[in-house]
Amino acid sequence: MSATIAIAGAGLAGRLFAWALARAGHRVQVFDARPGPEPLFDGQGAAAFTAAGMLSPLAELEKAEPAIAAAGWRSLALWPAVVRQLAARQPVGLQLNGSLLLAQRSDAGAAQRVLDRLQQPGLEAFPQPQPLDPQALAALEPALRRSPGLLAWLLPGEGLVHPLEAMAALHADAPDGAWHWSQPVARCEPGWLQLADHRRIDADWVIDCRGLGAQAQLPALRGVRGEVIALDAAGHGLTRPVRLLHPRHRVYLVPRTADQLLIGATEVESEDRSPVSLQSAVELMAAAHSVMPQLCEARIVRLDRNLRPAFPDHQPHLHHEPGLLRLNGLYRHGWLLAPALVDQLLKGSGLGALPHMS
């Protein structure tokens, strides 16, 4: 039976909900504080626009609990079907050929501690890191040949999705009249939401995906600052996401296209949305340059920052009661977890499901 749905927030989760529910025949409206669907890269929009789009359930075990990894593997099973259906409107980059963990030999001890975390008891059901000797690494990723001293491991089955393409496709493939921009939502309750201008919107179901916009109702929610650097590096040659295990911080390099790379990401306990700091930019770029010396000729396209919505335990918050769904606090795992958690809430409410591969 068709229902009226009011969604608060047009980030990744809000767009996945809107797309799936519209395809299921429901009447969907989405309300968001931003002026339009495209990213402005001003530190104020959806964190999904700034994120790298890494799909790394195994690598995230370094800091996350096994439940995060398990949900991540469920998302990895959902992404191909989602992308395949979105491709009827516009293509979305997706690759699941694995990711790489790298470490300098001087950091072997720090790397081993991370590997121990990835291989702890109870995780036998997950794929295990595969060590690569220098020859195997060079054969797998020729772009890394100029750093022969690296220790390396392949994380099978991991990959990445292109965030900007996916966000645009999810918006384009939902009904045109469903999107209400410059309409911040002040409150979400079962069967109704209130806009900041005090107007009340009634619906059969309200879905709250506001991220940090929900802090007034979810006071434990906080923002964790992250900074990234987009590079134009023509013919860089990297085909898989790479994480460098560093004693002080984790740095990743993500190939967006054959000529574009993303370097990230800092993790700062602050809700500061000001531009990227010099220290962060220098540390990220120096670490990336140590892995790929050829990046010295790359050009900086964009320095971006945003806030990851997170709860104190760094676990996502799912809520389901008649007339109201909430999804928030995905922290650094938005692209990894969103499909599995959206699918879980859709099924639990009886409203639908994300597409699955047959």
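The values are calculated or read from the model by the stated rules, or taken from the named source; none is laboratory data. None of these values were measured; they are calculated from a predicted model. Using ideal geometry, Cβ is built from the backbone for each residue, glycine included, and neighbour counts are taken over all protein chains shown. To get the accessible areas, we keep the full protein, side chains included, count just its heavy atoms, and leave off ligands, DNA and RNA. Shrake-Rupley method; radii C 1.70, N 1.55, O 1.52, S 1.80 Å.
Determine the percent antiparallel among the DSSP beta bridges restricted to the chain, to the nearest 5. Mind showing how you got there, number by number?
On the way: 51 of 68 bridges.
Of the beta bridges lying entirely in the chain, close to 75 percent run antiparallel.
Would you work out which of Ala87, Leu354, Leu303 lies farthest towards the positive end of the dipole of the chain, given +1 charges on the beta-carbon of Lys and Arg and -1 on that of Asp and Glu, about the Cα centre? In the chain, that residue is Ala87. Couplings 3J(HN,Hα) for segment 278-284, derived from phi with the Karplus relation 6.51 cos²θ - 1.76 cosθ + 1.60 (θ = phi - 60°), are 4, 4, 4, 4, 5, 5, 5 Hz, where x marks Gly and Pro.
With 0.36 nm allotted per residue and the present C-alpha distance subtracted, the Arg273-Thr239 stretch has 9.1 nm of extension available. Using heavy atoms of the protein chains and a probe of 1.4 Å, the accessible area assigned to Val282 is about 80 Å².
When you count, for each residue, the other Cβ atoms within 10 Å and take the mean per peptide, how do 43-50, 208-215, 295-302 rank with the highest first? Display every interim value, and only then the final one.
Numbers: 43-50: 20.9, 208-215: 24.8, 295-302: 13.2.
Top of the packing list down: 208-215, 43-50, 295-302.
Label-to-label distance for Ala136 and Asp313 is 3.8 nm, based on points extended 7 Å past Cα in the beta-carbon direction. Charge dipole of the chain (Cα centre as origin; +1 on each Lys and Arg Cβ, -1 on each Asp and Glu Cβ, all else neutral): 140 debye, rounded to the nearest 20.
Given a cut-off of under 8 Å on Cα pairs at least six residues apart, what relative contact order in percent is computed for segment 227-358? Walk me through the numbers before you get to the answer.
Details: 202 pairs, mean separation 28.2, N = 132.
21 percent.
Straightening the chain between Glu189 and Ala286 buys 30.2 nm, computed as 0.36 nm per residue apart minus the Cα-Cα spacing.
Solvent-accessible surface of the chain, averaged per residue with a 1.4 angstrom probe and all protein chains in place: 41 square angstrom.
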